[in-house]
Amino acid sequence: MYWPERDTLLVFLIALSLRLVSVVVTTFTSLNTYADTDADKFARYGSQIADTILGGSLPAIDPLYIYDVWGAMLSPFWMLPGPSRVYARIGMAVVSAAAVYNVYVIVRSLYSRYAGFISVLPMIFYPSFLFTHTVVLREAMILFGLTAAARLLLAPSPKLGAYTKYSLVTLLLGVSSILRRENFVLYVLILVIGVILEEKPWERYKRLTQIASGAIMVTAPLAVLTLGNRVLDQLVFIRQVRSHGRTAYLTSVLPNTIPEAVVFSWIGALYFLYTPFPWMVASIADLIIMVEGLSNIIYTIAAVTGARILSRKTLSGTAALVAGVTVGTIVYGLGTVNVGTAVRHRPMVLWVIFLFGGVGIAEHIRMRVNFEQLPVDIR
């Protein structure tokens with residue numbers, strides 16, 4: 001039987017403990033605003049589907065309706081006696097802690113335990129993570145799926161066969177795609193980049209690579225214009241729908257054309273990752289999240305160094321993750337127009353920034369500290 005090493009188990013237990021405390025505190029208070037609205041609706045659907053199954057009938061599930069889909073995944077919690085919603089929240093806490101564990105294992109395997117601890121510190125302690133990942137929203141499950149797939153590809157167990165590994169990766173990314181269909185193309189892009197850089201087809205299939213490169217050069221502009229305009233129309237529609245509430249920002253900005261979207265993309269990305277900025281703070285909660293944003297900036301700067309270091313160990317994995325973060329941040333930056341939505345969605349890309357940033361910060365410290373003089377080996 002496999003038992004996790006003590007440091008990896010410790011990371012999981014710390015993350016889980018804080019999340020369970022968050023469940024207890026926010027169950028009896030109204031501190032967690034993410035426990036309402038969508039969470040209430042998901043809980044209601046989960047309860048209805050569970051009642052239908054317990055009644056001996058099969059529920060009618062619309063695979064394109066997220067409340068049906070996530071409600072069905074939550075329904076087993078409502079088949080248990082007792083406070084079902086609390087059980088579901090504890091389940092999300094476990095899944096979220098497992099995501100922290102996955103990131104730590106990746107960094108520990110590729111660089112060091114010390115860098116691993118630095119990488120997961122924000123995931124463990126950020127109030128935004130504790131609040132959004134201890135309610136019955138789907139974000140915790142999506143984050144677990146992404147980090148688990150990355151762990152299987154970047155730091156797999158030697159006991160795991162190739163068929164089992166790739167089957168699990170397909171399952172995890174499939175579940176994440178079902179829960180957020182709009183991310184499916186992004187996952188495919190990441191995998192394609194990783195496979196191409198890992199297999200290096202230009203070395204073995206030169207002629208085929210030349211033909212494929214030529215075809216891409218010809219079709220890419222047309223694809224960008226056709227699909228790009230459709231995606232942009234959808235993002236503009238989402239901006240209009242979300243442009244309300246106390247924490248809304250840049251509500252009048254509607255990049256209706258591709259050139260306008262390109263110009264605005266970096267601004268949208270900054271707001272998506274780092275808001276609220278100081279001039280947007282209007283409450284204690286805003287101030288707390290602002291501190292998170294400042295920390296995100298530090299990790300982003302350090303991520304440049306971290307990505308360069310890890311590229312020497314896994315060029316394909318590093319390039320795929322960098323491409324995924326870049327494209328994902330730009331797309332979500334274009335479609336996000338309030339801080340509450342940004343806080344809920346940005347963990348899907350922040351975990352990669354923390355991964356690289358932890359390595360970058362650890363390398364910066366390593367250059368100034370002689371680890372051999374420390375009483376404990378943390379490398």
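Read the figures in this text as sums done on the coordinates, not as results from a lab. Note that the structure is a prediction, hence the values are computed from the model and not measured. Reconstructed Cβ throughout: ideal geometry from the backbone, glycine too, with neighbour counts over all protein chains shown.
Worth pointing out:
- In this structure, the amide hydrogen of N338, modeled 1.01 Å from its nitrogen in the peptide plane, lies closer than 5 angstrom to those of Y249, counting only residues at least 5 positions away or on a different chain.
- Put a dot 7 Å past the Cα of V218, heading toward its Cβ, do the same for D233, and the two dots end up 2.7 nm apart.
- Stokes-Einstein D (µm²/s) once Rh is taken as the Kirkwood radius of the chain over alpha-carbon pairs, at 25 °C in 0.890 mPa s: 110
- Here the calculated FRET efficiency for V241 and V86, from their Cβ-Cβ distance with R0 = 25 Å, stands at 0.20, rounded to the nearest 0.05.
- At full extension, L121 and W202 could sit 25.2 nm farther apart than now, given 0.36 nm per residue minus the alpha carbon distance.
- Two-site FRET efficiency, S252 against R181, from Cβ-Cβ distance with R₀ of 22 Å, rounded to 0.05: 0.15
- Descending by average beta-carbon neighbour count within 10 Å, the peptides 172-181, 215-224 line up as 172-181, 215-224, the highest first.
- Extended-chain gain in nm, criterion 0.36 nm per residue less alpha-carbon gap, D62 and V327: 92.5 nm
- Inter-probe distance in nm under a simple model that places probes 7 Å from Cα toward Cβ, at W266 and L9: 4.9
- Overall form of the stretch 1-179 per C-alpha gyration tensor (a/c, 1.5; a/b vs b/c): oblate
- Extension gain for the segment T27 to T164, taken as residue separation times 0.36 nm less the Cα-Cα distance, is 45.4 nm to one decimal.
- Taking a ≥ b ≥ c as the square roots of the eigenvalues of the alpha carbon gyration tensor, the stretch 196-313 is oblate, as a/c is not under 1.5 and a/b does not beat b/c.
- Once you reduce the stretch 88-166 and the stretch 250-276 to the center of their Cα atoms, the two points are 29 Å from each other.
- Here the 3J(HN,Hα) profile of the stretch 280-286, calculated from phi with Karplus coefficients 6.51, -1.76 and 1.60 at θ = phi - 60°, is 9, 6, 9, 7, 4, 4, 4 Hz, Gly and Pro shown as x.
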